[in-house]
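Peer 1: Please read through the structure below; I'll follow up with questions.
The values are calculated or read from the model by the stated rules, or taken from the named source; none is laboratory data. Because the structure is predicted, anything quoted here is derived from the model rather than measured. All Cβ positions, even for glycine, are placed from backbone atoms using ideal geometry, and neighbour counts span all protein chains on display. For the accessible areas, the whole protein counts, side chains as well, though only heavy atoms, and no ligand, DNA or RNA atoms are used. Shrake-Rupley method; radii C 1.70, N 1.55, O 1.52, S 1.80 Å.
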Amino acid sequence: MKYVSTRGSAPPLDFEGVTLAGLASDGGLYVPEEWPRFSQDEIAAMAGLPYAELAVRVMAPFTAGSLSDDELRNLCQAAYGSFAHDAVTPLVQLDQQHWLLELFHGPTLAFKDVALQLLGRLFEHFLSRSDNHLTIVGATSGDTGSAAIDAVAGRERIDIFILHPDGRVSDVQRRQMTTVQAPNVHNIAIDGSFDDAQAMVKRMFNDADMAASNGGCFRITAVNSINWARLMAQVVYYFAAALQLGGPQRKVAFAVPTGNFGDVFAGYVAARMGLPIERLIVATNVNDILHRALSTGDYSAGTVTPTDAPSMDIQVSSNFERLLFDVGGRDGVALAEQMRGFEADKAMQLTNAQRDGASALFTSARANAEAMRATMAYAAERYGQILDPHTAIGLAAARDAGIDPAVPVVTLATAHPAKFPDAVKATTGVNPDLPTRMGDLFDREESFTRLPGTYDAIRDYVAEHATESTDG
Ligand SMILES: Cc1ncc(COP(=O)(O)O)c(C=O)c1O
Ligand SMILES: N[C@@H](CCOP(=O)(O)O)C(=O)O
């Protein structure tokens with residue numbers, strides 16, 4: 001399998017190459033040269049497989065040429081063995097039409113673990129083929145950071161630098177990152193938003209003094225969903241859920257709390273691979289650039305507004321570029337120009353082809369704070385389910401989307417409510433307990449560095465603390 005950049009000028013790479021590269025050298029994101037496609041019989045034959053085996057079936061076409069099936073199987077078994085639920089991503093029925101797909105049974109209690117437990121092992125596996133060293137630079141609005149740190153803490157050939165917006169993640173989220181005491185883990189709180197952090201991370205990939213791919217000293221890679229391997233692993237749970245609800249013979253709709261557009265783009269990939277999906281419902285909070293883009297074609301980023309669903313406080317959704325590339329005719333040169341315009345103006349209009357292509361599968365909705373709280377209260381009272389704020393935004397959108405009542409609607413439950421105890425308690429009166437393995441989180445010592453939100457400050461810090469690559 002070969003991968004090409006959405007901006008058309010970076011060299012095509014294989015799976016190992018894109019996993020270690022993270023972002024393409026032309027600033028674009030890697031996507032498969034063409035989508036692998038399963039027949040309906042092949043999908044039907046996946047029903048009932050254990051999660052790790054399903055993961056092998058779904059991901060093998062993407063890793064072909066870089067991993068044997070046995071290597072992939074070993075990595076999946078180890079990754080999904082770290083989950084606290086045998087089903088890995090269990091489905092919970094709410095009523096006749098609605099289900100929750102619980103994606104928070106991994107080590108750090110958010111959907112990010114599903115991909116990052118695998119990605120940490122993929123990095124180590126590929127690094128063992130050379131004696132190189134990897135520098136991970138990532139941005140987080142709360143969940144990616146802790147999941148990535150858990151996945152690579154203590155690994156010898158990896159340094160990880162995670163930037164989070166100071167004061168804009170929950171205390172549990174921050175402590176999950178900053179209490180990990182391992183020499184290769186570097187937490188940085190920046191003065192700014194997630195968007196600022198993400199922009200600086202992307203800039204470092206193209207910094208000739210830093211990135212080995214551009215002549216610099218460090219082999220930099222990504223743990224955010226700009227890294228293709230992240231998305232690939234998230235495709236699997238769409239198959240897992242649909243197969244339990246009668247797929248592929250029956251279509252299923254998914255409501256996805258959305259920020260960086262990675263999770264819902266994984267649903268789009270599942271559809272491109274042949275999984276019958278009725279609709280993908282993109283659920284945003286008041287940081288609603290995606291809702292505006294999908295409903296009116298206006299992709300313009302305002303200032304990020306802090307909310308009780310902080311992980312979705314994002315205005316520049318990196319993976320939207322992958323969708324625009326695919327539905328807009330896969331014209332990397334034209335998209336590179338369109339994205340340059342967006343980077344300069346923080347605004348752009350979708351083309352008619354992009355709007356029509358997106359509307360074939362995507363619907364969107366926006367839930368403000370009041371709608372989010374009302375849905376949390378409703379779920380507690382009507383279903384006895386305590387939802388985290390992000391999941392509540394997904395469920396609000398699921399209930400409002402007007403999906404045919406005969407079609408099951410699965411809301412992705414992206415985080416455990418105990419990650420956001422203040423918001424949950426204020427709305428439902430329930431104080432959600434952390435699992436016992438994390439019971440001492442508030443007794444552990446924190447360590448992190450506060451830096452101004454300027455690129456130079458971040459670059460200098462990384463350059464001082466990272467290990468140089470052997471081919472730099
Ligand atoms: C709990 C939670 N829900 C939803 C999202 C949004 O997911 P995505 O960025 O893949 O759209 C995030 C962050 O990414 C998250 O941490
Ligand atoms: N919500 C994320 C933000 C980054 O998203 P990613 O999926 O691209 O890593 C977070 O919690 O960090």
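Peer 1: With a point put 7 Å past each Cα toward its Cβ, work out how far Ala84 is from Gln349 in nm, to one decimal.
Peer 2: 5.0
Peer 1: What whole-number value in Å² describes the accessible area per residue of the chain for a 1.4 Å probe?
Peer 2: It amounts to 35 Å² per residue over the chain.
Peer 1: Positive end of the charge dipole of the chain (Lys, Arg +1 and Asp, Glu -1 on Cβ, about the Cα centre): tell me which of Ala47, Val269, Val407 has its Cα farthest that way.
Peer 2: Final value for the positive-end residue is Val407.
Peer 1: What does the C-alpha gyration tensor say about the overall shape of the chain? Classify as rounded when a/c is under 1.5, otherwise prolate if a/b is larger than b/c, or oblate.
Peer 2: rounded
Peer 1: Can you list the residues, at least 5 places off or on another chain, whose amide H is less than 5 Å from the amide H of Thr363, using H built in the peptide plane?
Peer 2: Distant-sequence amide H within range of Thr363: Leu280, Ile281, Val282.
Peer 1: Quick one: which residues, 5 or more positions from Ile220 or on another chain, have an amide H under 5 Å from its amide H? H modelled 1.01 Å from N in the peptide plane, none for Pro or chain starts.
Peer 2: Under 5 Å from the amide H of Ile220 lie the amide H atoms of Thr135, Ala212, Ser213, each far enough along the sequence or on another chain.
Peer 1: Looking at the chain only, what percent of DSSP beta bridges run antiparallel? Nearest 5 please.
Peer 2: If I count the DSSP bridges inside the chain, around 25 percent turn out antiparallel.
Peer 1: Further, regarding this structure: Which of the lysines could be linked to Lys202 by a straight reach, that is with a Cα gap under 16 Å, when you skip same-chain ones fewer than 8 residues away?
Peer 2: Within reach: Lys346.
Peer 1: Can you give me the Cα centroid spacing of region 358-397 and region 422-451 in angstrom?
Peer 2: If we compute the Cα centre of each part, the gap is 22 Å.
Peer 1: Go through Lys419, Lys2 and list them by solvent-accessible area, largest first, probe radius 1.4 Å.
Peer 2: Lys2, Lys419
Peer 1: While we're on this one: Count neighbours as other Cβ atoms within 10 Å of each site's Cβ, and list the GluC sites (Glu not before Pro) in region 385-472 that are DSSP loop with at most 11 such neighbours.
Peer 2: Listed in order of number, the matching sites are Glu445.
Peer 1: Below 8 Å, C-alpha to C-alpha, sequence gap of six or more: please give me the relative contact order for region 181-228 in percent.
Peer 2: About 16 percent, as a whole number.
Peer 1: Over region 104-244, what is the relative contact order in percent, taking alpha-carbon pairs closer than 8 angstrom and at least six residues apart?
Peer 2: Computed over region 104-244, the figure is 26 percent.
Peer 1: State, to one decimal in nm, how far the label point of Tyr378 lies from the label point of Gln93, with both points 7 Å from Cα in the Cβ direction.
Peer 2: Result for the modelled spin labels: 2.1 nm.
Peer 1: In whole Å, how far is the Cα centre of region 69-105 from that of region 155-191?
Peer 2: 26
Peer 1: How would you classify region 405-461 from its alpha-carbon gyration tensor, with a ≥ b ≥ c the square roots of the eigenvalues: rounded for a/c under 1.5, else prolate if a/b is greater than b/c, otherwise oblate?
Peer 2: oblate
Peer 1: With a cut-off of 8 Å between alpha carbons and a minimum separation of six or more residues, what is the relative contact order of region 21-135 in percent?
Peer 2: Relative contact order of region 21-135: 17 percent.
Peer 1: Follow-up. Pick out the long, greasy-scoring helices in the chain: whole DSSP H runs spanning 24 Å or more along their own axis by Cα, mean Kyte-Doolittle at least 0.0.
Peer 2: 228-244
Peer 1: On to the next question. Heavy atoms only, probe 1.4 Å: what % of the accessible area of the chain goes to carbon and sulfur, would you let me know?
Peer 2: 45
Peer 1: Note down the magnitude of the dipole of the chain about its Cα centre, charges +1 on Lys and Arg C-beta and -1 on Asp and Glu C-beta and zero elsewhere, to the nearest 20 debye.
Peer 2: In debye, rounded to 20, the chain gives about 760.
Peer 1: Then there is this: What are the lysines whose alpha-carbon lies under 28 Å from the alpha-carbon of Lys251, with same-chain residues fewer than 8 places away excluded?
Peer 2: The qualifying lysines are Lys112.
Peer 1: So, taking all protein chains as they sit and a 1.4 Å probe, how much accessible area belongs to Asp345, in Å² rounded to tens?
Peer 2: Its heavy atoms expose roughly 110 Å² to the probe.
Peer 1: In region 102-211, with Lys and Arg counted as +1 and Asp and Glu as -1 at Cβ, which of these residues, Leu118, Thr108, Ala147, has the Cα nearest the positive end of the dipole, that is, farthest along it?
Peer 2: Working it through, the farthest residue towards the positive pole turns out to be Leu118.
Peer 1: While we're looking at this one, here's another question. How much length, in nm to one decimal, is gained on full extension between Ala426 and Ser447, taken as 0.36 nm per residue of separation minus their Cα-Cα distance?
Peer 2: Full extension from Ala426 to Ser447 adds 4.7 nm.
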